[in-house]
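K.L.:
Have a look at this one.
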Amino acid sequence: MDYRKQVAAIYLLGFFIDLVNMFITSVAYPDIGRALHASVAQLGWISTAYIAGLTVVMPFSARLAAYYGSKTVFIASLLTFFFASIAAGQADSIGALIAWRALQGLGGGLLIPLGQSMTYRLYRPAERPGLSSVIMLVGLLAPALSPAIGGMIVDGLSWRWIFYLNAPLAALALLLAVRWLQPDSPRAALRPFASMLNLRLIGEPLLRVSMLVYLLVPGVFMGVSLLATLYLQGILGMSAAGAGALMLPWALASFCAIALTGKSYRRVGPRPLFFAGALLQAAGILTLAWVDTGRQLFLLAAAYALMGFGGGLCSSTAQSTAFLRTPDSDLSQASAIWNINRQLGFCLGAVLASALLEMLLAAHGVTAEDARAMPVFQLCFALAAASVVLPLALCLRIDNRAVLDLLEKTK
């Protein structure tokens, strides 16, 4: 395996670990809530604390890599993540669990921007859309498998084991990083905080629109996923494994969407793909709102498949579009900005969804496991579907012809 493939493999494994931690915990929320006496809003912070930790540390990625070297920082990040994962599994209160999840995020937050910048430097601009498709395809394994596996672990063992599961994954990534990554010498002294991120890069229209679409489509799905887990297990009585298995049609549909993006992106450009993806995700969320019994498996699978296909189109198109006009010299900072935005989208989606649900539950005088809460959940799903208006408006601002011309020039 040549060096650039080795670097890409390490980056993809870090990306996989990141997504596992975002998706696997949701199936355990009902059990964690009962065991640690946590409210809906506190449960939302189990994921949010992890994502917040990722987001806080990401701006430091380029700065730390320049001062200490990318390999050193990558390995230190993995070690922190490894020990925090074990500690999260041993937490005896919701506060302790949230704190260890934040440290997990701080440990893992450097994996993605460092891996992405190291990998993208090794590929020419014309090769990056293809690389992005591989990244998205590999990334599907985590949301496809982790909720179902996590559900079986919760049903058969304990919610604590979903955190212990991170340890062998982190150990594998650590071994590969030690063996494969070439040492790089520190390149600069520590710079002032203001110079860590060049926020002017967001002024580039393709990067800015891609960031906003990612914020509003995959981000909304994270909130819907949290609500759906509570709805399916608490209201419809599904098992954790059964609820987690619904991510399989989501992942299969996402796979198809990403494959379609890889084949059609150069031919049709980003605007029609963004537009179709946003509408399909909205249709899937509305379909979920119509489900009122756990026996409607076909309707549930259809809802997740629509959300997966729509979200897959938007996320893979955004990934393919974001860095098309970014110079190699700015890739490290652009990658950090991109990943901070991605994490913020996931974080805001979960926080806003849990806050909205808790507010509506309180207004109706019911709990998240009370059968009378069904209309409250359905209202939340309808509001999430309505949010599609915002990404549709953004799609109209893309100069699609200019993107197609740029792709032609960089072949």
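The values are calculated or read from the model by the stated rules, or taken from the named source; none is laboratory data. Keep in mind it's a predicted model, so treat the numbers as computed, not measured. Counting neighbours? That spans all protein chains shown, and the Cβs are built from the backbone with ideal geometry, glycine included.
K.L.:
Tell me whether segment 256-268 contains one or more residues that are more than 26 Å from Pro113 (Cβ to Cβ), modelled with pLDDT of 90 or more and not β-branched (Val, Ile, Thr).
P.N.:
The answer is no, given that none of the residues of segment 256-268 is more than 26 Å from Pro113 (Cβ to Cβ), modelled with pLDDT of 90 or more and not β-branched (Val, Ile, Thr).
K.L.:
May I pose another question? Hey, Gly203 hits all of (1) within 28 Å of Ala88 (Cβ to Cβ); (2) at pLDDT below 85 but one; which does it fall short on?
P.N.:
Failing condition for Gly203: (1).
K.L.:
Restricting to segment 276-300, and then to whatever is polar (S, T, N, Q) and in a loop (DSSP other than H, G, I, E, B), can you tell me which residue is surrounded by the fewest Cβ atoms within 10 Å (Cβ to Cβ)? Give the derivation first.
P.N.:
If we filter segment 276-300 for residues that are polar (S, T, N, Q), which is where we start, we get 281, 287, 293, 296.
If we keep only those that are in a loop (DSSP other than H, G, I, E, B) as well, we get 293, 296.
Values: Thr293: 12, Gln296: 14.
Applying the filter and picking the extreme gives Thr293.
K.L.:
Kindly establish whether Leu356 is in contact with a Phe, Trp or Tyr (Cβ under 8 Å, 6 or more places away or on another chain) and either assigned to a helix (DSSP H, G or I) or of a type in the set (Asp, Glu) (or both). Steps first, answer last, please.
P.N.:
Numbers: in contact with a Phe, Trp or Tyr (Cβ under 8 Å, 6 or more places away or on another chain): no; either assigned to a helix (DSSP H, G or I) or of a type in the set (Asp, Glu) (or both): yes.
Criteria not met by Leu356.
K.L.:
Pick from segment 325-340 the residues that are over 16 Å from Leu406 (Cβ atoms) and of a type outside the set (Gly, Ala, Ser): which of them is surrounded by the fewest Cβ atoms within 10 Å (Cβ to Cβ)?
P.N.:
Asp330
K.L.:
To continue, here is another question. Give the residue that is surrounded by the fewest Cβ atoms within 10 Å (Cβ to Cβ), with candidates limited to residues of segment 31-57 that are on the phi < 0 side of the Ramachandran plot and not in a helix (DSSP H, G or I).
P.N.:
Ser39
K.L.:
So, one more: Examine segment 58-73 for a residue that is at pLDDT 90 or above, among the polar types (S, T, N, Q), closer than 30 Å to Tyr120 by Cα and more than 20 Å from the chain's Cα centre (by Cα), and state whether such a residue exists.
P.N.:
The answer is no, given that none of the residues of segment 58-73 is at pLDDT 90 or above, among the polar types (S, T, N, Q), closer than 30 Å to Tyr120 by Cα and more than 20 Å from the chain's Cα centre (by Cα).
K.L.:
Still on this structure, please answer the following. Examine segment 96-115 for a residue that is surrounded by fewer than 24 Cβ atoms within 10 Å (Cβ to Cβ) and either touching a Leu at 6+ places or on another chain (Cβ under 7 Å) or closer than 19 Å to Gln6 by Cβ (or both), and state whether such a residue exists.
P.N.:
no
K.L.:
For segment 199-275, please list each of the helices (runs of 4 or more DSSP H) lying entirely inside it that holds at least 3 residues being closer than 17 Å to Val291 by Cβ, in contact with a helix residue (DSSP H, G or I) (Cβ under 9 Å, 6 or more places away or on another chain) and not small (Gly, Ala, Ser). Give the derivation first.
P.N.:
Working: elements: 205-216, 218-230, 240-245, 247-268.
Hits in segment 199-275: 218-230, 247-268.
K.L.:
Identify the single condition in (1) in a loop (DSSP other than H, G, I, E, B); (2) within 30 Å of Ser264 (Cβ to Cβ) that Glu369 does not satisfy, given that it satisfies every other one.
P.N.:
That leaves (2) as the condition not met.
K.L.:
Let me ask something additional. Have a look at Ala350, Ala303 and point out the one that is touching a Leu at 6+ places or on another chain (Cβ under 7 Å), at pLDDT below 90, buried (at least 24 other Cβ atoms within 10 Å of the Cβ) and in a helix (DSSP H, G or I). Before the answer, list the steps.
P.N.:
Numbers: Ala303 fails: at pLDDT below 90.
Just one listed residue meets the conditions, Ala350.
K.L.:
To continue, here is another question. Being within 22 Å of Phe23 (Cα to Cα), surrounded by fewer than 18 Cβ atoms within 10 Å (Cβ to Cβ) and at pLDDT below 85: is that true of Glu408 here? Can you show your working first?
P.N.:
Details: within 22 Å of Phe23 (Cα to Cα): no; surrounded by fewer than 18 Cβ atoms within 10 Å (Cβ to Cβ): yes; at pLDDT below 85: yes.
It is false that Glu408 is within 22 Å of Phe23 (Cα to Cα), surrounded by fewer than 18 Cβ atoms within 10 Å (Cβ to Cβ) and at pLDDT below 85.
K.L.:
Looking only at segment 372-397, count every residue that is surrounded by fewer than 17 Cβ atoms within 10 Å (Cβ to Cβ) and not in a helix (DSSP H, G or I) and tell me the total.
P.N.:
Total satisfying the criteria: 2.
K.L.:
For segment 58-74, indicate whether the set of residues that are buried (at least 24 other Cβ atoms within 10 Å of the Cβ), of a type outside the set (Phe, Trp, Tyr) and touching a Cys at 6+ places or on another chain (Cβ under 9 Å) is non-empty.
P.N.:
Step one: filter segment 58-74 for residues buried (at least 24 other Cβ atoms within 10 Å of the Cβ), giving 58, 61-62, 65, 70, 74.
After this cut, where a residue has to be of a type outside the set (Phe, Trp, Tyr) as well, the list is 58, 61-62, 65, 70.
Among the residues that remain, those that are also touching a Cys at 6+ places or on another chain (Cβ under 9 Å) are: none.
No, the conditions are met nowhere in segment 58-74.
K.L.:
In the list Arg124, Arg101, which residue meets the criterion of being under 18 Å from Pro168 (Cα atoms) and basic (Lys, Arg)?
P.N.:
Numbers: Arg124 fails: under 18 Å from Pro168 (Cα atoms).
Of the residues listed, the single one that is under 18 Å from Pro168 (Cα atoms) and basic (Lys, Arg) is Arg101.
K.L.:
Could you go through segment 306-321 and let me know if any residue there is surrounded by fewer than 23 Cβ atoms within 10 Å (Cβ to Cβ), out of contact with any strand residue (DSSP E or B) (no Cβ under 7 Å at 6 or more places or on another chain) and not basic (Lys, Arg).
P.N.:
As a first pass, look at segment 306-321 and keep what is surrounded by fewer than 23 Cβ atoms within 10 Å (Cβ to Cβ): none.
No, segment 306-321 has no match at all.
K.L.:
Of everything in segment 84-122, what is under 16 Å from the mean Cα position of the chain (by Cα), outside any helix (DSSP H, G or I) and hydrophobic (A, V, I, L, M, F, W, C)? Give them in sequence order.
P.N.:
Once the filter is applied, which keeps residues that are under 16 Å from the mean Cα position of the chain (by Cα), outside any helix (DSSP H, G or I) and hydrophobic (A, V, I, L, M, F, W, C), segment 84-122 yields only Leu110.
K.L.:
Report yes if some residue within segment 318-341 is part of a loop (DSSP other than H, G, I, E, B), of a type in the set (Gly, Ala, Ser) and either under 26 Å from the mean Cα position of the chain (by Cα) or farther than 30 Å from Leu110 by Cβ (or both); otherwise report no.
P.N.:
Keep residues of segment 318-341 that are part of a loop (DSSP other than H, G, I, E, B), which gives 323-327.
Next, from what is left, pick out any that are of a type in the set (Gly, Ala, Ser): none.
No, the conditions are met nowhere in segment 318-341.
K.L.:
Taking the options Phe60, Phe83, name whichever one is touching a residue at least 40 places away in the same chain (Cβ under 8 Å) and touching a helix residue (DSSP H, G or I) at 6+ places or on another chain (Cβ under 9 Å).
P.N.:
Details: Phe83 fails: touching a residue at least 40 places away in the same chain (Cβ under 8 Å).
From the options Phe60, Phe83, the qualifying one is Phe60.
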